[in-house]
Structures are given as C-alpha cells and as structure tokens.
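Worksheet for the structure shown next.
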Amino acid sequence: MGKLALTGGVPIIETPLASPWPVYDERDERALEDVLKSRAWTRTGSQEEESWVWRFEDVFAAFQDARYGVAVATGSTGIELALKAVGVEPGDEVIMPAATWITVATAVIAVGAAPVFVDIDPATYNIDPGKVEEAITPKTRAVMCVHNGGMPADLDALRALADKHGIALVGDCAHAHGSEWRGRGVGAIEDVGVFSFQGSKVLALGEGGMALTDSDELRARLYGFHHVNGIAGRPKPEQSLPATNLRMSEWIGALGLVGLERLPVQVATREENARYLIQGLAEISGVEGLKWDSRVTRWSFYIWHWRFVSAGFEDIHRDTFLAALKAEGVPVSTGQTAPLYRHVALTEMHCGRTNYPFNARTYGQPMDYLRFKCPETERIAATEALAFSHTLFLGPRESMDRILDAVRKIRENVAELHAWERAHANGTSA
C-alpha cells in the first residue's frame, strides 16, 4: 500500500472543496415573487421602467462597459443572433478557435455558415491571432474570439485584424462575466459580444444570455432579429426582419439584476484565490498556471485552466497525474480543450436530406472537417491541460492550500506513479 490515494493511501481531502452553486438568498426570492404577482412574466407585457429584462439589459451592459445590451433566451442563440446581425449568411466562413464548446460551432452552422478552425495560443489557450490571418479567405465574414475559461483573448491583435480585412469580430464571452482587457469589459470591445447565463456560469440564472454592442446599427439589428419588428420602446430596424422569438423572460431578468449585486465580490474572491494558487504552483516542478497577460486587468473565470508539464514531473503522463489528483479528493478536469473538428457533430455532418449547409452547392466544395489539423490544440488536450471550476475559488484561502498540499504530495511520491503506470501498462494492479 502506497502513500498516494491512487495506490491505496488516505486521500488528503475528504470533504468537498467546491462551494454550492448557484447561490441565492432572500433577495432572489423577493424578486421572483414580485414578477409572479405582477402577472407580466414576459418583457412584452411590461412598461420599460417596470420591466426586469429592460433594466437588466442596461445594468449588465454598463457593468461590461458597453453602450447597449440585448437580452436573449440562451447564450447559444445569442451567438446565432450576433452572427446574423453582423451580416453572416449562408456560404460564408467564420474563423474560430479549435478548442471551445461545440455550440459555438453549431451556432455558425445554424446560420448557414461554415466554422473554420485555427490553432490556439499555448500561453493562454485562446485563439492564435497569427493563425487567424493565415485562415482568412474571400469567404471569411467574421472571426469568433472565444475567451476560453474567461481569460480574455488578445483583443488588440484581433480587433486590428478584423479592421484590416473588413470582417466582423464577434466575442463568445460565455465564460468571462467581469473580465477586462486594458480596463474595459470584454464583449464591449468586439462588434458584438455574447454572454451566457446558463445555470453553471459565473452569473448563473438557469438560462438566458446577453448580446452587447456599442453600435446603434447593430443594436437595431439585434433587436430586429430577436423579435419580429423589435421590441416596443427599443430601437427597430428600418424594415421588418425575418425574426424568431429569442426573448428573455422576466423571471431571468429579475434573477439577473439580483445576481449582478453579488458578482463584483465573487469576481474579486476568485481572482485573489487564483493569484495565491498561481504563486503556490510556481514552487512545484511540473505544474504551472496560464500566462496572465498584463493587458488582462481583470480575469473573471468560469474554468481555471492550468498546465501539467510532463518533463518537469519525471515524464509521468498527464492522465496519470489527473487520476492521482482526483483520488486525493481534488475535483479536476481537462476543461474545454478538445479539438472541435473531431466532434461527431462535425465529422458525420448529418444535417438532413440535402446536408445543408455542408453541401457543395453552398460552399463550392464539400466541407471535410477530418482534414483539419491544429497541432497545439491536440497536444494540449492530450498531454497538458488541467482545469478547475470557478466554484473552487469562492471559499477561503485554505481551500487553495489543500489543493497545493495534494499536488505536493503527488510530486513527492512520483515513484509510486511510475510503478502505477507500469502496472497498468502491463494490465495488472499496482
């Protein structure tokens, strides 16, 4: 019997580290009761000054330093809305990082366009601006910057590229509520930035989303596409657009306004704990945090990605370390790093009778995602990436110490991991 929990020892952590999520208190209960008693449960049934959703749009936009917010039913439909608003049409291409959540790609497909994947920057796990420029073609209509985990992408480089080539910059900010680039909230720097409020997110409202913009024209198009003829009292397009119903309910708007009251303190608590954890990891060979660019003036994360460096851990495989850390009671994963072009939704491309939009008639050539190759994404996903949920960072500093103690314990007993790897390679038990 070894010292490590993986090899029969006692786990260093025996009680859950993560804080319960989502959180609520009597303010949420009062807000929901107010909506219930108002009988105006949808934004179209309320006057502007009374609507929770209208107020939530304005307050959240201001929180992220944007002029305008347009509330939607979900973050994924918000991306579809943003793409339509900036002019993405069938046959167009949208450049995006190879590592993110699948609905970012399927939102592009839903508007008839083709996702074009490029590699990620190993320093940040965000889209590599240099690879973006290499991928631009006459069909490129937009580039999607995903702030993976909540770490802002290089908005200086991406904004410059979009302006240079006359294409739109759309931000997937689903992980980045409160994150800032050069002192300004993400989502406000892109042409349109889209947030998700799904129940596990940093601002968790069950469902819902928000599209932000500084453009009067895009604001009108966003309202026009998310509800036929726009919303009364809010800007309308010059003509009726072929819209659907993407409206947010008053229930979610009410929870959003209350949740925003808590968010600044939560962001500060997570950031303080993250900085402390980074300092501790720096003292342990074989593990390290992501690069924290000085232009990232606030990192409000949903997923906290970090790195396993096998060469610094006596060549133990990442998956062995992952198993050992889980056995010690630390809830850890590999985050959202798997290459999307290998996802079954794209490799099989079952889009119906005509396989629209992936047919040659739409693009002039068949789309084949098996041809994509992003070496850094594949290497990171297979050998390096580690991730923690934001809920681990809402507790006291002692939680960070317990994580560090577990990592140190594993590092000090690396010989047991070598034996465990050999045993499992031979099909025996350690």
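A few comments on the model shown:
- Selection of segment 175-219 for residues being among the small types (Gly, Ala, Ser) and open to solvent by 20 Å² or more (accessible area, probe 1.4 Å) yields Gly183, Gly199, Ser200, Ala204, Gly206, Ser215.
- Count of segment 129-143 residues which are surrounded by 16 or more Cβ atoms within 10 Å (Cβ to Cβ) and within 24 Å of Glu384 (Cα to Cα): 3
- Flag if Val118 is under 27 Å from Ala66 (Cα atoms) and in contact (Cβ under 8 Å) with a residue 24 or more places away in the chain: no
- Qualifying positions in segment 282-340 - farther than 21 Å from Pro152 by Cα, in a loop (DSSP other than H, G, I, E, B) and without any contact (Cβ under 8 Å) to a residue 24 or more places away in the chain: Ala282, Glu283, Asp315
- Checking each residue in segment 4-20 for being surrounded by 15 or more Cβ atoms within 10 Å (Cβ to Cβ) and part of a loop (DSSP other than H, G, I, E, B) picks out Leu4, Gly9, Pro11, Ile12, Ile13, Leu17, Ala18, Ser19.
- Top-ranked residue of segment 23-77 - restricted to ones that are touching a Lys or Arg at 6+ places or on another chain (Cβ under 7 Å) and charged (D, E, K, R), ranked as most open to solvent (accessible area, probe 1.4 Å): Asp65
- Within segment 370-399, the set of residues being buried (at least 16 other Cβ atoms within 10 Å of the Cβ), hydroxyl-bearing (Ser, Thr, Tyr) and either part of a loop (DSSP other than H, G, I, E, B) or in contact with a strand residue (DSSP E or B) (Cβ under 8 Å, 6 or more places away or on another chain) (or both) comprises Thr377, Ser389.
- Lone qualifier among Asn126, Asn148 - being without any contact (Cβ under 8 Å) to a residue 40 or more places away in the chain, crowded, with 19+ Cβ neighbours inside 10 Å and touching a His at 6+ places or on another chain (Cβ under 9 Å): Asn126
- Within segment 341-361, considering residues that are crowded, with 19+ Cβ neighbours inside 10 Å and outside any loop (DSSP other than H, G, I, E, B), the one modelled with the highest pLDDT: Tyr341
- Segment 78-92, residues that are at pLDDT below 95 and open to solvent by less than 30 Å² (accessible area, probe 1.4 Å): Gly91
- Just one of the numbered conditions (1) over 27 Å from the mean Cα position of the chain (by Cα); (2) assigned to a helix (DSSP H, G or I); (3) of a type outside the set (Phe, Trp, Tyr) is not true of Glu50: (2).
- Candidates Asp154, Asp172: the one that is under 17 Å from the mean Cα position of the chain (by Cα), crowded, with 24+ Cβ neighbours inside 10 Å and acidic (Asp, Glu) is Asp172.
- Residues within segment 279-331 that are within 18 Å of Thr269 (Cα to Cα) and open to solvent by 30 Å² or more (accessible area, probe 1.4 Å), tallied: 5
- Subset of segment 400-419 (residues that are small (Gly, Ala, Ser) and surrounded by 19 or more Cβ atoms within 10 Å (Cβ to Cβ)): Ala406
- Apart from one condition, Trp251 fits all of (1) outside any loop (DSSP other than H, G, I, E, B); (2) open to solvent by 40 Å² or more (accessible area, probe 1.4 Å); (3) within 26 Å of Gly149 (Cβ to Cβ); the exception is (3).
The values are calculated or read from the model by the stated rules, or taken from the named source; none is laboratory data. None of the values given here were measured: they were computed from a predicted structure. Glycine also receives a Cβ, built like all others from the backbone with ideal geometry; neighbour counts cover every protein chain displayed. Keep in mind that these areas ignore ligands, DNA and RNA; they rest on the heavy atoms of the full protein, side chains included. Shrake-Rupley method; radii C 1.70, N 1.55, O 1.52, S 1.80 Å.
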